[in-house]
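The structure under discussion appears below in the form of structure tokens.
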Amino acid sequence: MAILKCPICGGDVNVEDDALAGELVEHECGAQLEVVRQNGKLSLRLAEQIGEDWGE
Amino acid sequence: MRIGILYDMPRWEEKNLIEEAKKMGHEPIPVYTKDIVFFSDDKKVEPEADFFIQRNVSHNRALITSFIMEQFGYPTINDHITLFRCENKIITTYILSRHSINTPRTFITFNKNIALEFSKKIGYPLVIKPVEGSWGRMVAKADNLDTLYSYLEYQEFTTQKYKDIYYIQEFVNKPNRDIRIFVIGDEAPVGIYRVNEHNWRTNTALGAKAYPLKIDEELRELALKVREVIGGFFLGIDIFEDRDRGYLVDEVNGVPEYKNTVKVNNFNVSQFLLKKIIEWVKR
């Protein structure tokens, strides 16, 4: 389990080590976050809002 | 085999594909497309795979990444032409209609006043839909001219890509359900009824419940005919049951979700899809 920082409130967020890039994480501060995986390192960013072109 | 899975948000379906590919002894390669870069003079794409399955939730990312993988010679399910035909409701409706596949009666126009005038020919209530969109988002029923006028005006002042195109369709007085049937390769093996007791829109994203679909010969043939004219390998086809006209094809989805279908039918869609693609690629 990796402990990452919420980019909104700075609080700790637990994320599985094998989380996929783009995985959504709800933080207790209310932020919806997505996992970023860059050069093997995990971090979080604010999740993208639902787009007009999203769907099936 | 190395199985590329193009995705931008890992939902149940993408994770299930990864899991099933591993169980079958293959190597799944999840490709997160949101941070990807393609150069025009690239000689190959990284990572390489034997084929790619398109699973982007964003239509734009799906269309472009399928197109690019095809340019590099990779079999891609679904290909960009199929996605182009599915993602734009005008294109889907008119292709189906021109091939004598019944759809709800629809007209399009680029002029709000003409939309109001010609709506009389469809009759009220009627339905206005965004040209591109999913999960029932912004699909609205107008019971009279006054309501339609308001909807058209709202559309005019949104930032929708197709805000100047009015897609207007008859309201089909269907039972409290519609049909979602899946085409996988050359078969139509599974589907669901989507039942909503509280909302005329029967998208599961809006709370409709899934029940196993009884696939009769007529439905199977219709699904395969849709595939013949739209193309593609993996489609989720939405069908209404009209009391007088029988089956009407409403929409075709090029990156269909199937979590609820698997759950109520106890049918392993991911495994079936992978087997069918591998058979096709090996041919």
When (1) surrounded by 15 or more Cβ atoms within 10 Å (Cβ to Cβ); (2) assigned to a loop (DSSP other than H, G, I, E, B) are applied to residue B:46, the one that fails is (1)
Sort through B:3, B:18 and tell me the only one that's over 21 Å from the mean Cα position of the chain (by Cα) and facing chain A (nearest Cβ under 10 Å).
B:18
Looking for something aliphatic (A, V, I, L, M) and out of contact with any Leu (no Cβ under 8 Å at 6 or more places or on another chain) - is there at least one such residue anywhere in segment B:165-180?
yes
Please specify each residue of segment A:28-43 satisfying the condition of being more than 14 Å from chain B (Cβ to nearest Cβ) and on the phi < 0 side of the Ramachandran plot.
A:28, A:29, A:31
Of residues in segment B:92-149 being touching a Ser or Thr at 6+ places or on another chain (Cβ under 9 Å) and of a type in the set (Ser, Thr, Tyr), the one farthest from the other protein chains (Cβ to nearest Cβ)
B:124
How many residues are farther than 18 Å from residue B:78 by Cβ and either surrounded by 22 or more Cβ atoms within 10 Å (Cβ to Cβ) or among the hydrophobic types (A, V, I, L, M, F, W, C) (or both) when one looks only at segment B:10-27?
4
Report, by residue number, each residue of segment B:62-91 that is among the polar types (S, T, N, Q) and assigned to a loop (DSSP other than H, G, I, E, B).
B:78, B:88
Considering every residue within segment B:46-58, establish whether at least one is touching a Ser or Thr at 6+ places or on another chain (Cβ under 8 Å) and farther than 25 Å from residue B:133 by Cα.
yes
Among the listed residues B:188, B:210, B:205, which satisfies the condition of being closer than 30 Å to residue B:277 by Cα, surrounded by fewer than 18 Cβ atoms within 10 Å (Cβ to Cβ) and aliphatic (A, V, I, L, M)?
B:205
Scanning segment B:47-75 residue by residue, the ones that are more than 14 Å from every other protein chain (Cβ to nearest Cβ) and farther than 20 Å from residue B:232 by Cβ total 1
Only residues in segment B:256-282 that are within 14 Å of chain A (Cβ to nearest Cβ) count as the first member; pair them with residues that are at pLDDT below 95, Cβ under 7 angstrom, at least 6 apart or cross-chain, and list the lot.
B:256/A:56; B:257/A:56; B:260/B:204
Could you list, in sequence order, all residues of segment A:9-27 that are more than 11 Å from the chain's Cα centre (by Cα) and away from every other protein chain (no Cβ under 14 Å)?
A:9, A:10, A:11, A:12, A:17
Going by what's in this entry, would residue B:274 be described as more than 15 Å from the chain's Cα centre (by Cα), farther than 21 Å from residue B:62 by Cα and not aromatic (Phe, Trp, Tyr)?
no
Requiring at least 2 residues that are surrounded by fewer than 17 Cβ atoms within 10 Å (Cβ to Cβ) and in contact with a Cys (Cβ under 9 Å, 6 or more places away or on another chain), the strands (runs of 3 or more DSSP E) wholly within segment B:99-171 are none
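The values are calculated or read from the model by the stated rules, or taken from the named source; none is laboratory data. Only a predicted model underlies this, so the values are computations on that prediction, with no experimental measurement involved. As a convention, Cβ positions derive from the backbone with ideal geometry for all residues, glycine included, and neighbour counts pool all protein chains shown.
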